[in-house]
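Novice: My questions will all concern the structure given below.
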């Protein structure tokens, strides 16, 4: 590659020519060219002795643009999710939820109502649950991209449980701060404007009802199904059974037990509406403080069992309601032909799964994904492979990820168990 200029021209006509110099000089002209080491970027239009511009013999490559790695990873994760209709609906509800939180926050400041502020905490909890729902969709899309269907992403499912636990703890912590402010207001009760209480209660209730029956949050549903009933749920269940006998339409909503967060939103909106009525009738401003205290206790009573259940899963513990079934299966496994003893059993819950899990092989009847290991001592004349198959078949309905170690001598079993590491 060489640089040339025209000696007969007053202006500089530098250019880059990929062919040899003898081929670069046109045959129909007598112009002489000589080589110079000059930057050819000044002759952008390739003007010279002929009006015809030379044809480029190579591709001009531009400099690659610098891209943010975090933005690239985020775009790579969000692109397959936007192709899913449920994910687009979840994004729409997140935007709508932010708008509802902003409106309720402005109305709380204008009305100076603690009851409406306590009811606002439920909308904030809805925002966190929608983010958890997005994570569940991403886990599902990632699981489909795994070539081996037998591989389960337990770490991602535990992240879902962690997000649910964090949302519950943050909501309960906010309720505690509202309770502290309510106790301080008992001494000196300020005036409360009632113009925004009724529309705020209706807006929060309508949005939460639409969100509950339109968005299926897998992680929150799993924790809710596995957790025991709260005190409010038990009393409502006693009242709902005769009601469902008279009106069977309510069976889907009230039986076998009502959704705890739908019940909590109904209680909160009813308390805010009652506060609005009492203030308008008798200027009873203390009703706002009492309503906020009642709603805080309802929030703590509803969310505490769910938070405890999610914490037990995160700590890899065995739920109490599974221990009886585990003991029954272990006693049945010890009566199998060839089994002398079962020892060093270790069982723990890995994650939660809903009843309509996509692959029921990894979920038991309690909505749990459990793992464990047992050491089995067999007779000398027994078939170890047959004993292994029978023990696994007996325990697999409850412990889906089971490791069975079979041996003949007791010392071998103890040594084998000590070298085994649970991941």
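The values are calculated or read from the model by the stated rules, or taken from the named source; none is laboratory data. The structure displayed is predicted, hence computed values, not measured ones. So basically every Cβ, Gly included, is an ideal-geometry build from the backbone, and we count neighbours across all protein chains shown.
To keep it simple, each residue is scored yes or no on (1) surrounded by fewer than 13 Cβ atoms within 10 Å (Cβ to Cβ); (2) modelled with pLDDT under 90; (3) out of contact with any strand residue (DSSP E or B) (no Cβ under 6 Å at 6 or more places or on another chain).
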position: 307; (1), (2), (3): no, no, yes
position: 315; (1), (2), (3): yes, yes, yes
position: 318; (1), (2), (3): no, yes, no
position: 323; (1), (2), (3): yes, yes, yes
position: 327; (1), (2), (3): yes, yes, yes
position: 338; (1), (2), (3): no, yes, no
position: 342; (1), (2), (3): no, yes, no
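Novice: Out of all the residues in region 181-205, which are in a loop (DSSP other than H, G, I, E, B) and either surrounded by fewer than 20 Cβ atoms within 10 Å (Cβ to Cβ) or modelled with pLDDT of 95 or more (or both)?
Specialist: 188, 189, 190, 191, 193, 194, 195
Novice: Out of 178, 137, report the one residue that is under 19 Å from the mean Cα position of the chain (by Cα) and at pLDDT 80 or above.
Specialist: Only one candidate qualifies: 137.
Novice: Then there is this: It is to be established whether one or more residues within region 396-407 are under 21 Å from residue 218 (Cβ atoms), crowded, with 19+ Cβ neighbours inside 10 Å and modelled with pLDDT of 80 or more.
Specialist: Yes, region 396-407 contains a residue that is under 21 Å from residue 218 (Cβ atoms), crowded, with 19+ Cβ neighbours inside 10 Å and modelled with pLDDT of 80 or more.
Novice: Check 294, 278, 300 and return the single one that is free of Cβ contacts under 8 Å to residues at least 12 places away in the same chain, part of a helix (DSSP H, G or I) and not assigned by TED's automatic domain parsing to the domain that holds residue 352.
Specialist: The unique qualifying residue is 278.
Here is a yes/no grid of residues against (1) modelled with pLDDT under 85; (2) in contact with a strand residue (DSSP E or B) (Cβ under 8 Å, 6 or more places away or on another chain); (3) surrounded by 19 or more Cβ atoms within 10 Å (Cβ to Cβ):
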| position | (1), (2), (3) |
| --- | --- |
| 239 | yes, no, no |
| 246 | yes, no, no |
| 250 | yes, no, no |
| 255 | yes, no, no |
| 261 | no, no, yes |
| 266 | no, no, no |
| 273 | no, no, no |
| 279 | no, no, yes |
| 283 | no, no, no |
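Novice: Which residue is surrounded by the fewest Cβ atoms within 10 Å (Cβ to Cβ), if the candidates are limited to region 140-153 and must be in contact with a helix residue (DSSP H, G or I) (Cβ under 7 Å, 6 or more places away or on another chain) and modelled with pLDDT under 65?
Specialist: The qualifying residue surrounded by the fewest Cβ atoms within 10 Å (Cβ to Cβ) is 153.
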